[in-house]
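Throughout, read-outs are computed from the coordinates displayed, never taken from laboratory work. As the structure is a prediction and not an experimental result, all values here were calculated from the model. All Cβ positions, glycine included, derive from the backbone under ideal geometry; neighbour counts span all protein chains shown.
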Amino acid sequence: MDTLTGTMPRQDNDINLDDLVNVVAQGAGQDLAHAETLPPAAYTSQAFFDLEVEKVFKPGWVCVGHVSQIPNVGDYFSIDLFNEMLLVVRGKDDAVRVMSRICTHRWAPLTNGCGNAKLFSCPFHKWGFDLSGNLLGAPLMDQVEFETSKHNLPRFATEVVDGFIFTNLSNDAEPLAPQIKEFSEQLKKFALGDLVMAGGIEYECQFNWKIMAETFMECYHHIGAHEKTFEIQFPARLSYIEEGSSAWTYGVVPAKSTVPTEEIQLGLHPLTDDLSELESRSFFLYLVYPQHLLAVWADRVYWFRSQPVGPDKTLLQTYLLVHPEAKNQPDYDAILKQEMGFMDMFNKEDITVNTMQQRGAETPSALPGRLSHLEKAIWQLADYIREKTAK
Ligand code: FES
Ligand SMILES: [Fe+2]
């Protein structure tokens, strides 16, 4: 009897971090025609995730919000990032600030929600902080030597670019706006900073943040995951990814020529009246490294905000942004209801395959996979990760 023997090349999911960083670095310089994914362990290793937090996220600019979430003085929301508990507030001077929301007395969170405040009063011993994070007063602290000005909330570098709020947790990053100048120029006519939030859906995802970003950026998976949704109007084969830069990249997803333009747009107020033929019949996918994701359509923007929590855990909020006039349309509520249902449906199609990929990446026999030309953004993101994690 013949015995079938297979060679079983194995990845070692317990590979030590130095070895893994070396394997990741070895992929540098590969051309797209021969490109592979990062090694599966780069998606599953806790040590590699921790390295990304230190070398990618903390030194970089992480998108935490959109200005329409806090339009008025005193508006605020909370967000947690890499164990920091943050407060994003519009101050009396109209500036947006990102600060710690942990009381400087004995570390109680001042809030965990969102809303409008005149000041932030700690529920533990009632220390009060103004909208800029300065300590206004601390009850019954007059019997000890105490200077209120020394106990302000820690602040993080904050930059608003094209309406999106970014923070830099290490407080020493180069300014973001000059790094993504061409991105801003390209999207200027869409006036992203004037858009308003139409709705959002939140998901607790059981996969790595890179898997989320990669699937967002490639349309190859339309033929599988979105066979009955996107593939019909936006076939994978028509999509392409542009060259990009060291700070961002983008892709174009044109509709089939037989699809009527009114089926591509929802009927909402267009974001600009200066649409080219390509812009009115396509959508555009943007990634500002490491995690800011936008899908820009003629009359709407899908914005994906992600909070990487662990190698196999990512919190994801998906938002729909529209032109401010859209809310005055008589059919707005009906369009919105239908669109939010559609967004949830295609998100779940992505989440299903992303969860499958994460599970597969954890198996010992998983190896780096070959990339199609349609997955150029995965190749680009891998180069970004290589550069940031290199020793
Ligand atoms: S912990 Fe906030 S006042 Fe004491
Ligand atoms: Fe998708």
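Once you sort the root eigenvalues of the Cα gyration tensor of the stretch 182-389 as a ≥ b ≥ c, which label holds: rounded (a/c under 1.5), prolate (a/b larger than b/c) or oblate (the other case)? Cα axes put the stretch 182-389 in the prolate bin. Solvent-free Debye calculation, one equal scatterer per alpha-carbon of the stretch 182-267: log10 I(q)/I(0) at 0.18 Å⁻¹ equals -1.19. Take the Cα of K327, step 7 Å toward its Cβ, do the same at E185, and the gap between the two points is 3.4 nm.
In loop segments of the stretch 55-109 as defined by DSSP, the trypsin sites (Lys or Arg not before Pro) with at most 15 further C-beta atoms inside 10 Å of their C-beta are K92, R106.
Partners of K150 within straight-line reach, counting aspartates and glutamates whose Cα lies under 20 Å from its Cα and excluding those fewer than 8 residues away in the same chain: D130, D142. Taking the square roots of 5 times each eigenvalue of the Cα gyration tensor of the chain, largest first, gives ellipsoid semi-axes of 38, 30, 18 Å.
Among the trypsin sites (Lys or Arg not before Pro) found in the stretch 205-306, those both in a DSSP coil and sparsely packed, with 11 or fewer other Cβ atoms within 10 Å of their Cβ, are K228. Applying a DSSP loop filter and a limit of 16 other Cβ atoms within 10 Å to the trypsin sites (Lys or Arg not before Pro) in the stretch 145-207 leaves nothing. Dividing the mean sequence gap of close Cα pairs (under 8 Å, 6+ apart) by how many residues the chain holds gives a relative contact order of 22 percent.
Here the label points at E277 and M141, each 7 Å from Cα along the C-beta direction, are separated by 6.6 nm in the simple model. Counting charges near L51 (Lys, Arg +1; Asp, Glu -1) among other residues having Cβ under 14 Å from its Cβ returns a value of 0.
Measuring from centroid to centroid over Cα atoms, what is the spacing of the stretch 204-218 and the stretch 268-323 in Å? Result: 14 Å between the Cα centres. Reducing the stretch 73-101 and the stretch 117-162 to their Cα centroids gives an inter-centroid distance of 13 Å. If you take all other residues with their beta carbon under 15 Å from the beta carbon of I264, and give Lys and Arg +1 and Asp and Glu -1, the sum is -4. Our estimate of slack between V252 and T148, defined as 0.36 nm per intervening residue step minus the Cα-Cα distance, is 32.1 nm. Taking H292, H105, H221 as the candidate residues, the one with maximal mean-square fluctuation in a Gaussian network model of the chain, Cα springs under 10 Å, is H105. Which is the longest run of the chain containing none of the chymotrypsin sites (Phe, Trp or Tyr not before Pro) found in DSSP loop states (not H, G, I, E, B) with at most 13 other C-beta atoms within 10 Å? In the chain, the maximal stretch lacking such sites is 147-391.
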